[in-house]
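Presented below is the structure to which this report refers.
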Amino acid sequence: MKILGIESSCDETAAAIVEDGTKVLSSVVNSQVKIHAKYGGVVPEIAARSHIEAINPVINQALAEANLSWDDIDAIAVTNGPGLSGSLLVGTLAARTLAVIKNKPFYPVDHILSHFYANFLSNNQIEFPVLSLTVSGGHSQLVLFKDQHTSQILGSTTDDAVGEAFDKVAKVIGLSYPGGPAIEQAAKSGQSKFRFTKPRTQNKYDFSFSGLKTAVLRQAQAQIGQDYSFPSFKIAQHLSKQDQLDLAASFQATAIDILTNKTKLAYDQYQPKTVALAGGVSANKALRDSFQQQFPKLIMPNFQFCTDNAAMVAAHGFFWSQVNQSANPYQSDIKLN
Ligand code: KG4
Ligand code: ZN
């Protein structure tokens, strides 16, 4: 079964064709990172407009790269949320329209869960139950999958997602956008010498990163001899290179500790056969190393399928189709952030 996946929830316009949820026939990602970099984060209005320009070329390219025509496509899957409303509208409208005019089954899927399905693109033999941690710019979520179709959310983001914290900390200490790769690079030359307290959450599997983000901000203000009233956007120009590197290393080490410890807690309680990592932050090598040390059977997507892409959406659509009827493309069920 060949599924065309479409993704437009944030700042990547993507289309991909995946066979039977595992074999990637094509995967095209048009990233808007360069457009948003000068603003230090995603500007929703610009993102939506860029999706409109990119969506048709990206879908056509996905068909061309797979050397397929519309007749070869068995169904269309699309991210229907969560995400930026204007961005989601472009992808869902395109997918719904195509499903109607090309007469294809239509599978709207959840973006955060789709990140987990990226694991099927590089691992054929996944042993269930799987404990999966999805860490991205918008979400930190711990999910227990009993099988390919049945999932239970154990914990979620209560404030800032971990990727968002990477991006915001990077901005404060003067690193480029997106902050994740920039902090990972800087951390390699820094020392994890600042101690930040780890947050407590009411549900022990929920995640909170806004306190850590503020703790880094306060430490940065202290390093330049200022108090909390000093504006955050001016800190970077006064911070020494060494302080910048050490703050990056200390923040990253604390964030990885939090993610590893929470996952270990759930691992001990639920005793899954496999642990999975997914989402943009799972591209972080230090996080991957920490998980590899802690969990004997760990799966992770290939780097290209960690960040937003449509192959994971097509894979999710395939597994969704195994247990669900095609949805009515005329019906809107978009989950807005
Ligand atoms: O999954 P994704 O592409 O989009 C969302 O669904 O949000 O994740 C993007 C996030 C950004 O916050 C980015 O800074 C982070 O993933 N990220 C990383 C790394 N590469 C991307 N965070 C830490 N280390 C990385 N190497
Ligand atoms: Zn994502």
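The values are calculated or read from the model by the stated rules, or taken from the named source; none is laboratory data. No experiment lies behind these values; they were computed from the predicted model shown. Ideal geometry is used to build each Cβ from the backbone, glycine not excepted, and the neighbour counts take in all protein chains shown. Areas reflect the complete protein model, heavy atoms only, side chains present, ligands, DNA and RNA absent. Shrake-Rupley method; radii C 1.70, N 1.55, O 1.52, S 1.80 Å.
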Any aspartates and glutamates whose Cα falls less than 15 Å from that of K2, other than same-chain ones fewer than 8 residues away, would be E19, D20, E65, D71, D72, D74
Residues with beta-carbon under 15 Å from that of P231, excluding P231: net charge, scoring Lys, Arg +1 and Asp, Glu -1?
+3
Protein accessible area in segment 131-285, 1.4 Å probe - carbon and sulfur %
47 percent
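Which number do you get for Rg(Cα) / (2.2 N^0.38 Å) in segment 111-193?
After normalising by residue count via 2.2 N^0.38 Å, the value is 1.33.
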Are any of the pairs K34/K146; K146/K204; K34/K241; K193/K234; K168/K285; K198/K234 more than 31 Å apart by Cα-Cα distance, and if so, which?
K34/K146
Return one number: the angle in degrees, 0 to 90 and rounded to the nearest 10, between the long axis of the Cα atoms of helix 241-270 and the longest principal axis of the Cα atoms of the chain.
60 degrees
Cα-based convex hull volume of segment 28-141 per residue, rounded to whole Å³:
132 Å³
Å² per residue, accessible surface of segment 200-306 at 1.4 Å
47 Å²
Using Cα atoms only, what is the angle between the long axis of helix 210-223 and the major principal axis of the chain, expressed in degrees (0 to 90) to the nearest 10?
40 degrees
Computed over the chain: longest principal axis from alpha-carbon atoms vs helix 85-101 long axis, angle to nearest 10 degrees, is 10 degrees
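Considering only DSSP beta bridges where both residues belong to the chain, give the percentage that are antiparallel (nearest 5). Don't skip to the answer; put the middle values down first.
On the way: 24 of 41 bridges.
Counting DSSP beta bridges with both partners in the chain, the antiparallel share is about 60 percent.
Taking a cut-off of 17 Å, what percent of all Cα-Cα pairs in segment 13-95 are separated by more than that?
It works out to 50 percent of all Cα pairs.
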Summing -39500 (n - 2.57) over every DSSP H run of at least 4 in the chain, dividing by its residue total and rounding to the nearest 500, the 222 nm mean residue ellipticity is -13500 deg cm²/dmol
Where labels lie 7 Å past Cα in the beta-carbon direction, separation of Q292 and R195 in nm
3.0 nm
If eta is 0.890 mPa s and T is 25 °C, what Stokes-Einstein diffusion coefficient results for the chain, Kirkwood Rh from Cα pairs, in µm²/s?
120 µm²/s
